[in-house]
Amino acid sequence: MRIPLRAAALALACALGACTPAGPAAPSPRPAPLDSLARAGLDFAASQYRRAAAAGDPARGYPRSTTPDGTWSTIRINDWTSGFFPGTLWYLYAYTRDPELRAQAERWTLPLADIPKGKYSHDLGFQFNTSFVNAYRFTGDDRFRAPALNAAGLLAARFNPTVGAIKSWDWTDPKRPYPVIVDNMMNLELLYWGAGHGGDAGWKPLAATHARTTQTNHVRADGGSFHVVVFDPATGAALERITHQGYADSSTWARGQAWLVYGFTLSFRETGDPRFLATARRVADYALARLPADAVPCWDYQAPGCPATAERDASAAAIMASGLLEMSTYVPGADGARYRGAAERILTSLSSPACLARGTGQPTVLLHSVGNHPKSQEIDVGLNYADYYYVEALLRYLELRGLRPQQVMPRRAR
Ligand code: GLY
């Protein structure tokens, strides 16, 4: 959000204290408990997504981000974000058990089975974990398993054992032959799941190796991160450490850091390797030490004008909140409580009128995300993945509070 262009919204935001570049606002004398904010957020999400699902048509395109006229821009199934719209419908079905939401979730999931027929990349993890794996988890219907396993196999085939990582983009620049991005930590979830659901058992150590390579090469000594490391596929040597969506090669892109918080937490969940939990904590500590007073990060932790005027990225906030909530369950004592408190602070901020789209005419759940600032794309917009991780985090929160009849979110087996 840019203050000068949004004076009216800023006044409201300052009054309510969230998603505002201007920093802290006076705390409400009687803050609403997050329990009721969480339910209200999920109810609002259900109404927004019911409407969009019924009005849209998968053959015409999948909702991705908001436009200034208050509609969804849409993408084809091979876009990296195509799984998030059906994935949110599955979460909302898990929350409401509404058969209409289930029917819509199926309708928007099944066409994604064709993704492997087109151009695909490491994003298969984002696309299938959100859609088919959630569908399988929430329905037990075996129809959803095979497409997810097929995608996991294609993802695993992008692994180079010399590098010890899955290749991200298929860049054509010969000087940049093998880019690996921090976002890829999220795609490992499909491999861990597949290894335990009828796929190749070798996908699990492969995913863990990728996580180790990321730990060694992308995470800096101070806990910040490089977005992209370019490797030599013949030797495994790291050739270059750069950014694609951050402010500078040496800065820390906020959503990338959130992918790492969540990604190392899930690698700990799936492997029990304490080094992954230690790294999840280190990258989380870096981010938490740099959060603005409204608990929603600037799009890059070193963005010019942060925190006074730089745009906030609600998607990074939502991803981090969900990762922190899970991580808090693995960290005993005061530190675990600290991570949970930070997640609750973020969710309270995201659930305020300054961040929610309620009453704005926008079709998303959350406002104020940044897709790709350096490329001037999707700045201060609603994004389908911000909504997905916000809804997920609220479900996790209600589960941790014991306010859900069933546990649906993945958790480390004890
Ligand atoms: N995976 C791409 C992004 O986070 O923008």
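Each value in this text was obtained by applying a stated rule to the coordinates, not by laboratory testing. None of the values given here were measured: they were computed from a predicted structure. When we count neighbours, we look across all protein chains shown, and the Cβ atoms used for this are built from the backbone with ideal geometry, even at glycine.
Once the chain from D57 to T139 is taken as fully extended at 0.36 nm per residue, the excess over their C-alpha distance is 27.3 nm.
Please tell me the relative contact order of the range 290-368 in percent, rounded to the nearest whole number, where contacts are Cα pairs under 8 Å and at least six residues apart.
After rounding, I find 27 percent.
Comparing L383, Q407, A234 along the charge dipole axis of the chain, the residue lying farthest to the positive side is Q407, per the Cβ-charge model. Could you work out the local net charge near P405, counting Lys and Arg as +1, Asp and Glu as -1, over the other residues with Cβ closer than 14 Å to its Cβ? Residues near P405 contribute +3 overall. As a rough footprinting exposure proxy, the listed residues C306, C298, C355 were ranked by other beta carbons within 10 Å of their own, and the order from fewest upward is C306, C298, C355.
Taking a ≥ b ≥ c as the square roots of the eigenvalues of the alpha-carbon gyration tensor, the range 246-402 is classed oblate because a/c is 1.5 or more while a/b is no larger than b/c. Neighbour counting of Cβ atoms within 10 Å sorts the residues V228, V283, fewest neighbours leading, into V228, V283.
Take every pair of alpha-carbon atoms less than 8 Å apart whose residues are at least six positions apart; their mean separation over the length of the range 97-162 yields a relative contact order of 31 percent.
Highest GNM mean-square fluctuation, the chain, Cα pairs closer than 10 Å: which of T329, T130, T172? Residue with maximal mean-square fluctuation among T329, T130, T172: T172. Quick check on the range 362-403: take the gyration tensor over C-alpha atoms, sort the square-rooted eigenvalues as a ≥ b ≥ c, and tell me if it's rounded (a/c under 1.5), prolate or oblate. Prolate is the answer for the range 362-403, as a/c is 1.5 or above and a/b outweighs b/c.
Gain on full extension, evaluated as 0.36 nm per residue between S36 and L154 minus their Cα-Cα distance, stands at 38.3 nm. Within straight-line reach of K375, meaning a Cα separation under 18 Å, sit the following aspartates and glutamates at least 8 residues removed in sequence or on another chain: D79, D183, D249, D300, E311, D313.
Among S376, S121, a tally of other beta-carbon atoms within 10 Å of each Cβ gives an order, fewest to most, of S376, S121. Just name one of T172, I75, G118: the one whose Cα is farthest towards the positive end of the charge dipole of the range 48-179 (beta-carbon charges, Lys/Arg +1, Asp/Glu -1). It is T172, whose Cα lies furthest towards the positive end. Remark: the Cα gyration tensor places the chain in the rounded category, a/c being less than 1.5.
Using Cα pairs closer than 8 Å and at least 6 residues apart in sequence, work out the relative contact order for the range 232-372, in percent.
22
For K204, the lysines whose Cα comes closer than 22 Å to its Cα, not counting residues fewer than 8 places off in the same chain, are K167.
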